[in-house]
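The values are calculated or read from the model by the stated rules, or taken from the named source; none is laboratory data. Note that this is a predicted model, so its numbers are computed, not measured. Methodologically, a virtual Cβ is constructed for each residue, glycine included, from the backbone with ideal geometry; neighbour enumeration extends over all protein chains shown. Accessible surface areas use protein heavy atoms only, side chains included; no ligands, DNA or RNA. Shrake-Rupley method; radii C 1.70, N 1.55, O 1.52, S 1.80 Å.
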Amino acid sequence: QSLDGPWPTAATRPHGGGYRLTSEVPSTAPAAAVTVVRRAAEVIPRQQTALEEAATALVLTDAARTGAIASYANGTSGLALAVEVVGEQAAQSEAFLDTLARYNTEIGQYVLAIMPSDTNAGSLAAAMVVTHERR
């Protein structure tokens, strides 16, 4: 595929905040859904903590990048340090996005387990995505 054409983009922003879990599973849900809900109760809070830690690390490496570039610009450090710190920030960005993707995947699996199988796409999306109503 040509890189000159339009690139795919997400329809919604990934969710990075807290997610309220329920332990209620419909009585008609398969046994596998109960397993998913129990797993989600353990995994999603841990993923949220990991996400917060990854965000903090990313902010810190961004501050280090800014400082290293400023030091290079005013001649107090070499280019090698600035390039190294930019690489560290890229690695932290990738780690953050990977953690964010895992967190959202866990939420998606949880929602699919607790919602009835005939739930329409709009209701599924509303259960997975935080929306802000404009007033």
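Would you check which residues across the range 59-73 are open to solvent by 40 Å² or more (accessible area, probe 1.4 Å) and hydrophobic (A, V, I, L, M, F, W, C) and list them?
Going residue by residue through the range 59-73, those that are open to solvent by 40 Å² or more (accessible area, probe 1.4 Å) are 59-60, 62-66, 69-70, 72-73.
59, 60, 63, 64, 69, 70, 73 - these are the residues of the range 59-73 that are open to solvent by 40 Å² or more (accessible area, probe 1.4 Å) and hydrophobic (A, V, I, L, M, F, W, C).
Taking the criterion of being open to solvent by 80 Å² or more (accessible area, probe 1.4 Å), among the aliphatic types (A, V, I, L, M) and farther than 15 Å from residue 51 by Cα, the only residue of the range 82-107 that qualifies is 83.
What about residue 128, is it in contact with a Leu (Cβ under 8 Å, 6 or more places away or on another chain) and either surrounded by 14 or more Cβ atoms within 10 Å (Cβ to Cβ) or charged (D, E, K, R) (or both)? Criteria not met by residue 128. Does residue 46 meet the test of being charged (D, E, K, R), closer than 30 Å to residue 114 by Cα and part of a helix (DSSP H, G or I)? So residue 46 fits the description; yes.
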